[in-house]
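Peer 1: After the structure tokens below, expect a handful of questions from me.
The values are calculated or read from the model by the stated rules, or taken from the named source; none is laboratory data. Keep in mind that what you see is a predicted model, and the values were worked out from it rather than measured. Quick reminder, even Gly has a Cβ in these numbers, built from the backbone with ideal geometry, and neighbours come from all protein chains shown. With ligands, DNA and RNA removed, areas are computed over all heavy atoms of the protein, side chains included. Shrake-Rupley method; radii C 1.70, N 1.55, O 1.52, S 1.80 Å.
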Amino acid sequence: MIVYQTLEHTPAATIHQAFIQAFSDYQLRNDMPLEDFSRMLTRRGYHAGLSLGAFNGQALVGFTLNGLRPWENKPTCYDIVTGVIPACRGQGVASAMLSRLCLLLPDQGCRQYLLEVLRDNREAYRLYL
């Protein structure tokens, strides 16, 4: 059973391992070392309390890592990266995470959500629409 929770208590190394797995077959290379991954999260304003993980037991199988910054004078949560490991795709994990974020983010003061997606990534593009 998949359990969804924020990532305040999830170490960066655990998130990094799931990131590497989730993007192992992605069209853009994403095999960065943990140190670079941690720097990327810091640079992009990663906020663990606004980010969700999908856990199958102790294993992180999906994640939505979010940052928080003002944009157009509104508190804006933005998607740094979302991924699901290949073995768990097609099971509604990403949709469930985004649905839960729609409930969580307004309670945390976020007034809008911003993300980017490659149009060639058709499944992700449909999800975000």
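Peer 1: Could you size up the charge dipole of segment 65-112 around its Cα centre, putting +1 on the beta carbon of Lys and Arg and -1 on that of Asp and Glu, and report it in debye to the nearest 20?
Peer 2: Approximately 20 debye in magnitude.
Peer 1: Go through PHE37, PHE55, LEU98 and say which Cα lies farthest out towards the positive end of the charge dipole of the chain; charges sit on Cβ, +1 for Lys and Arg, -1 for Asp and Glu.
Peer 2: LEU98
Peer 1: Per 10 Å bin, what is the whole-percent P(r) computed from every C-alpha pair distance within segment 1-122?
Peer 2: 13, 47, 35, 5
Peer 1: Which log10 I(q)/I(0) values, to two decimals, does segment 46-114 give at q = 0.12, 0.24, 0.27 Å⁻¹ under the Debye formula with one point per Cα?
Peer 2: -0.31, -1.01, -1.19
Peer 1: Right, next: First compute the accessible area of the chain with a 1.4 Å probe, then give the percent of it belonging to carbon and sulfur atoms.
Peer 2: Whole-percent figure for carbon plus sulfur exposure: 51.
Peer 1: Check the chain for me: any Cys whose beta-carbon has no other cysteine beta-carbon within less than 4.7 Å?
Peer 2: CYS88, CYS102
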